[in-house]
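Engineer: What follows is a single structure, and I will ask about it in a moment.
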Amino acid sequence: MDELESHPVPAAVRANREGWTLAVTGAVERPMSLTADDLASLPSVTHEADFECVEGWRAAGLTWRGVRVSDLLARASPTGEATHGLVRAMDGEYACSFPVDRLSSAVLAVELDGEPLPVEHGGPARLVPRGDTDCWESVKWVTEVELLASPPTADDTARELALSRAGES
Ligand SMILES: Nc1nc2c(c(=O)[nH]1)N[C@H]1C(S)=C(S)[C@@H](COP(=O)(O)O)O[C@H]1N2
Ligand SMILES: [Mo]
């Protein structure tokens, strides 16, 4: 396996790691807030994939382990209206939206290559979409999944923020 690139960890992430929780909110019957222990107690899967950034680097053969997003969502019980999910992160305004089906098939990873996911690479939890995916969709430091009844527009900042950060490292 190769290594992912290392990027600066935002101060907001360092500051809020201790009290980290994962919230599932919005168009759901049972909004939830999970601790790291709660998440670790759910069934997990492994997912092997290459990671490729539009900036022109790639890391081959990464092995992620974590919870299927479909399992998480099932616990919160999305309403019939939910069509999209907005995945929010601990670094301020970073958020990425997905159609619910695509989001469901993703893994919320808590381990990388057999080790707890380091904060440098998005720990405690990082979204790893399956199939064809853009690098900014792999949201590091996930803290909330908000189900929505329509596609978000202005709230989906991931692509713009990721590209504006490119080269900062
Ligand atoms: N929360 C958050 N997730 C993010 C980003 C970010 O700035 N914030 N950058 C994205 C981009 S463009 C890339 S290439 C990868 C980089 O992952 P790495 O730092 O583990 O190499 O994270 C993605 N996920
Ligand atoms: Mo990227």
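The values are calculated or read from the model by the stated rules, or taken from the named source; none is laboratory data. All values reported here derive from a predicted model rather than from experimental measurement. Using ideal geometry, Cβ is built from the backbone for each residue, glycine included, and neighbour counts are taken over all protein chains shown. Surface accessibility is based on the protein's heavy atoms, side chains included, excluding ligands, DNA and RNA. Shrake-Rupley method; radii C 1.70, N 1.55, O 1.52, S 1.80 Å.
Engineer: Can you give the FRET efficiency for residue 74 and residue 3, using 1/(1 + (r/R0)^6), R0 = 30 Å, r = Cβ-Cβ distance, to the nearest 0.05? Walk me through the intermediate numbers first.
Structural biologist: Working: r = 34 Å, r/R0 = 1.13.
Step by step, r from the Cβ atoms, then E = 0.35.
Engineer: Find, to one decimal place in angstroms, the Kirkwood hydrodynamic radius of the chain, where the mean of 1/r is taken over every pair of different Cα atoms and then inverted. Don't skip to the answer; put the middle values down first.
Structural biologist: Details: mean 1/r = 0.0626 Å⁻¹.
Hydrodynamic radius (Kirkwood, Cα only) of the chain equals 16.0 Å.
Engineer: Just tell me the longest site-free run in the chain, where the sites are trypsin sites (Lys or Arg not before Pro) in a DSSP loop having at most 15 other beta-carbon atoms within 10 Å.
Structural biologist: The answer is 18-129.
Engineer: Tell me the relative contact order for the chain as a rounded percent, counting alpha carbon contacts under 8 Å between residues six or more apart.
Structural biologist: On the way: 357 pairs, mean separation 45.9, N = 169.
Rounded, it is 27 percent for the chain.
Engineer: Among residues other than residue 76 whose Cβ falls under 13 Å from its Cβ, what is the net charge (Lys/Arg +1, Asp/Glu -1)? Mind dumping the intermediate values first?
Structural biologist: On the way: positive: 30, 75; negative: 29, 38, 71, 144, 146.
With Lys, Arg at +1 and Asp, Glu at -1, the neighbours total -3.
Engineer: Over the alpha carbons of region 1-83, what is the largest minus smallest coordinate on each principal axis, giving the biggest first in Å?
Structural biologist: Between the extreme Cα coordinates on each principal axis of region 1-83 lie 41, 29, 26 Å.
Engineer: I've got another one for you. Give me the distance in nm between label points sitting 7 Å out from Cα along the Cα-to-Cβ direction at residue 120 and residue 50, one decimal.
Structural biologist: In this crude spin-label approximation the distance works out to 2.3 nm.
Engineer: What full-extension length gain, to one decimal in nm, is calculated for residue 59 and residue 23 as 0.36 nm per residue of separation minus the Cα-Cα distance?
Structural biologist: Values: separation 36, 0.36 × 36 = 12.96 nm, distance 2.95 nm.
Result: 10.0 nm gained on full extension.
Engineer: Tell me the carbon and sulfur percent of the accessible area for region 4-154, rounded to whole percent, probe radius 1.4 Å.
Structural biologist: Numbers: 3330 of 7060 Å².
Using a 1.4 Å probe with all protein chains present, region 4-154 comes out at 47 percent carbon and sulfur.
Engineer: Taking every eigenvalue of the Cα gyration tensor of region 47-120, multiplying by 5 and rooting it, what semi-axes result, largest first, whole Å? Don't skip to the answer; put the middle values down first.
Structural biologist: Values: eigenvalues 117, 49, 33 Å².
For region 47-120, the ellipsoid semi-axes come out as 24, 16, 13 Å.
Engineer: In addition: Between exposed GluC sites (Glu not before Pro) in the chain, where DSSP calls loop and at most 15 other Cβ atoms lie within 10 Å, what's the longest gap?
Structural biologist: Numbers: sites that count: 3, 5, 18, 29, 55, 81, 93, 168.
Maximal segment without exposed cleavage sites: 94-167.
Engineer: Could you give the accessible area per residue of the chain, probe 1.4 Å, as a whole number in Å²? Please list the in-between numbers first.
Structural biologist: Numbers: 8450 Å² over 169 residues.
Per residue, the chain has 50 Å² of solvent-accessible surface.
Engineer: Do you know the relative contact order of region 1-65, to the nearest whole percent, from alpha carbon pairs under 8 angstrom that are 6+ apart? Can you show the working numbers first?
Structural biologist: On the way: 61 pairs, mean separation 21.8, N = 65.
RCO, region 1-65: 33 percent.
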